[in-house]
């Protein structure tokens with residue numbers, strides 16, 4: 001038996017059926033391109049007959065995405081099948097996916113049809129699709145609740161009619177792994193022509209078992225898994241692509257299976273899907289969650305620093321992350337704290353380290369997570385370090401109605417001559433910051449800006465507190481004067497100086513990087 005698993009991605013069809021996750025054509029195409037980079041085997045691009053927009057999106061994806069099979073979904077009725085075939089006709093490798101419910105509960109209450117009629121419609125649907133495209137897949141909807149004898153009969157009939165893939169859906173997430181394994185095993189043993197088709201599975205997560213059921217089916221001989229990025233989909237979602245793929249890869253010793261997926265593209269694809277659908281990934285989500293490669297426990301942090309595999313069974317680089325994260329909090333230990341202090345460019349002796357760790361622990365008792373800015377503030381306060389790479393000499397601003405806000409800023413660095421530059425902005429504060437960036441050579445992004453009066457009256461002191469990011473580094477800044485523009489300038493320069501001082505410490509030679 002072939003040990004390569006076909007990854008059939010239905011993010012753009014079943015995934016889009018998540019409440020609130022409707023995508024427009026441009027967004028669908030962007031996700032499809034991520035899926036192509038991910039190297040999925042099949043993209044189920046949509047349900048073409050459902051709307052003109054869906055038809056357009058499937059057609060565009062079929063034209064633009066060339067490597068994977070592009071598939072359109074259709075009920076076992078002529079208009080659906082014709083629409084799906086038309087939508088995917090320009091694909092390099094088109095497929096039509098026909099489905100029809102087979103379980104007793106669906107036959108009785110939804111379709112109101114007998115077994116014989118269901119069997120006839122299934123065969124007819126596959127033959128219609130086969131007359132339009134060479135690659136046809138069939139799904140007996142709600143297969144996991146279908147009588148096993150009838151399921152065997154349906155599967156044999158649709159393969160005889162021309163289906164090259166037969167998908168066994170756990171449509172409502174009712175299956176459990178041991179039973180689902182039995183279903184797939186029975187089909188392999190009792191369907192006489194099963195060797196002429198690939199057995200696929202499509203599992204929903206209503207009981208949290210979608211991935212477990214999918215893996216159990218693979219063990220029983222299924223060789224295609226239908227899944228979605230981040231596990232999105234109707235109700236509780238589908239089997240998560242990233243979990244299926246990384247389980248196969250990480251436990252190759254157990255499953256003995258492979259996929260073609262470029263796992264380094266998992267995180268970028270996950271983030272793109274989350275951004276475009278608006279469905280946030282929970283922090284503790286396997287593989288792609290914010291906490292998946294994060295460690296806060298001191299014991300765990302110490303183990304990971306000594307040997308990664310003590311507490312990590314996958315490398316973060318393998319899924320597209322740059323590294324693991326040691327989250328510093330009240331559970332963190334001395335080893336992790338020392339590593340982070342060194343990364344921030346500080347050199348502390350044992351006594352200074354212990355003192356800083358004590359202050360850090362006190363702060364961590366008040367905050368769930370302590371950030372690099374907090375650690376720097378603790379150490380700088382302890383060491384009385386006041387980074388002042390650049391000093392503000394003077395500034396001048398011009399603004400008003402129908403006037404482009406402009407700022408001229410003069411900064412001085414050490415004993416060097418003062419440097420003057422000017423810039424425009426959306427307002428006087430933005431213009432000041434743009435001028436400072438021009439002089440310092442940094443491109444700062446203002447993440448947070450807060451202003452409040454420290455005292456009462458028109459001449460009250462104005463305190464500005466802000467958070468700035470420059471590249472992959474960030475810092476807070478703070479200043480208090482009676483002129484709010486001056487406070488804004490000094491607070492921004494304070495943050496920039498912290499970043500520059502950090503770079504100087506890391507380089508060790510006084511040069512920024």
So which helices (runs of 4 or more DSSP H) stay within region 121-223 end to end and still have 1 or more residues that are within 19 Å of residue 104 (Cα to Cα), touching a strand residue (DSSP E or B) at 6+ places or on another chain (Cβ under 7 Å) and modelled with pLDDT of 95 or more?
148-161, 177-190
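Taking region 417-433, which residues are in a loop (DSSP other than H, G, I, E, B) and either outside the structural domain of residue 483 (by TED's automatic domain parsing) or under 12 Å from residue 406 (Cβ atoms) (or both)?
If we filter region 417-433 for residues that are in a loop (DSSP other than H, G, I, E, B), which is where we start, we get 417-418, 425-427.
Hits for region 417-433 are 425, 426, 427.
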For region 212-227, does any single residue satisfy the condition of being surrounded by 22 or more Cβ atoms within 10 Å (Cβ to Cβ) and within 14 Å of residue 35 (Cβ to Cβ)?
yes
If residue 363 satisfies all but one of (1) outside any helix (DSSP H, G or I); (2) modelled with pLDDT under 75, what's the number of the condition it fails?
(1)
Filtered residues of region 258-292 (kept if surrounded by fewer than 18 Cβ atoms within 10 Å (Cβ to Cβ) and modelled with pLDDT of 95 or more)
258, 260, 262
Give me the pairs: first residue in region 10-33 and on the phi > 0 side of the Ramachandran plot, second residue surrounded by fewer than 22 Cβ atoms within 10 Å (Cβ to Cβ), beta-carbon distance under 9 Å, and six or more apart or on different chains, which are they?
20/277; 20/278; 20/279
Considering each residue of region 366-402, count those that are over 36 Å from the mean Cα position of the chain (by Cα) and either buried (at least 17 other Cβ atoms within 10 Å of the Cβ) or modelled with pLDDT of 75 or more (or both), and give that number.
16
Can you report the number of residues in region 428-452 which are exposed (fewer than 12 other Cβ atoms within 10 Å of the Cβ) and under 15 Å from residue 486 (Cα atoms)?
2
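The values are calculated or read from the model by the stated rules, or taken from the named source; none is laboratory data. This one's a predicted model, so the numbers in the text were calculated from it and none came from an experiment. Counting neighbours? That spans all protein chains shown, and the Cβs are built from the backbone with ideal geometry, glycine included.
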